[in-house]
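S.K.: Before we start, here is the structure in question, set down as structure tokens.
The values are calculated or read from the model by the stated rules, or taken from the named source; none is laboratory data. Remember, it's a predicted structure, so these values are computed and weren't measured experimentally. FYI the Cβ positions are ideal-geometry reconstructions off the backbone, even for glycines, and counts take in every protein chain you see. Only protein heavy atoms, including side chains, enter the accessible area calculation; ligands, DNA and RNA are left aside. Shrake-Rupley method; radii C 1.70, N 1.55, O 1.52, S 1.80 Å.
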Amino acid sequence: QVQLVESGGGLVQAGGSLRLSCAASGRTFSGSAMGWFRQAPGKDREFVAAITWSDERTLADSVKGRFTISRDSTKSMVYLQMNSLKPDDTAVYYCAGHSSGGYRYSLSYGYWGQGTQVTVSS
């Protein structure tokens, strides 16, 4: 059974940092892209970042220069380093394993974690 488990969310003041982690088990994602999405209350789930098996990275414009995605394939881990956090970054953040299609689209991902809450206070 494939499992993606996120951790590292929490409450932080604006301007602060958090590092989210995603642990994958049940199958290897070393040959697949992995992504991070987020969903704020009352809003659609939106793309945040993706990283391919060859470490090519794609970031949403809203987080460029502030967020960094990385992976450690030997440990089946994916990370999202979030700096200079803003209240607008408040959301549940989801880790996802890519299946096929464009990296920015949630329908392209067949595996999802349960999410971790990130709250940024002003």
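S.K.: Mind listing whichever residues of the range 105-122 are touching a helix residue (DSSP H, G or I) at 6+ places or on another chain (Cβ under 8 Å) and open to solvent by 80 Å² or more (accessible area, probe 1.4 Å)?
M.R.: Selection gives SER122 alone.
Residue-by-condition table, conditions (1) touching a Gly at 6+ places or on another chain (Cβ under 8 Å); (2) under 27 Å from GLN1 (Cβ atoms); (3) not in a strand (DSSP E or B):
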{"residue": "PHE37", "(1), (2), (3)": "no, yes, no"}
{"residue": "SER62", "(1), (2), (3)": "no, no, yes"}
{"residue": "TYR94", "(1), (2), (3)": "yes, yes, no"}
{"residue": "VAL118", "(1), (2), (3)": "yes, yes, no"}
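S.K.: Find the residue count for the range 38-54, including only residues that are open to solvent by 60 Å² or more (accessible area, probe 1.4 Å) and among the aromatic types (Phe, Trp, Tyr).
M.R.: Selection size over the range 38-54: 1.
S.K.: Here's something else I'd like to know. Across the range 39-53, what is the total count of residues that are within 10 Å of the chain's Cα centre (by Cα) and either over 17 Å from GLN117 (Cβ atoms) or in a loop (DSSP other than H, G, I, E, B) (or both)?
M.R.: Here is the first cut: in the range 39-53, the ones within 10 Å of the chain's Cα centre (by Cα) are 47-51.
If we keep only those that are either over 17 Å from GLN117 (Cβ atoms) or in a loop (DSSP other than H, G, I, E, B) (or both) too, we end up with 47, 49-51.
Going through the range 39-53 one residue at a time, the tally reaches 4.
S.K.: Still on this structure, I have one more. Give all pairs with beta carbons closer than 6 Å in which a residue from the range 58-69 that is among the hydroxyl-bearing types (Ser, Thr, Tyr) meets a residue that is in a strand (DSSP E or B); count only pairs at least 6 apart in sequence or on separate chains.
M.R.: THR58/ALA50; THR68/GLN81
S.K.: Another one. Only one of SER84, SER25, SER17 is surrounded by fewer than 13 Cβ atoms within 10 Å (Cβ to Cβ), in contact with a Ser or Thr (Cβ under 8 Å, 6 or more places away or on another chain) and closer than 23 Å to VAL120 by Cα. Can you tell me which? Before the answer, list the steps.
M.R.: Values: SER84 fails: surrounded by fewer than 13 Cβ atoms within 10 Å (Cβ to Cβ); SER25 fails: closer than 23 Å to VAL120 by Cα.
Checking each option against the conditions leaves just SER17.
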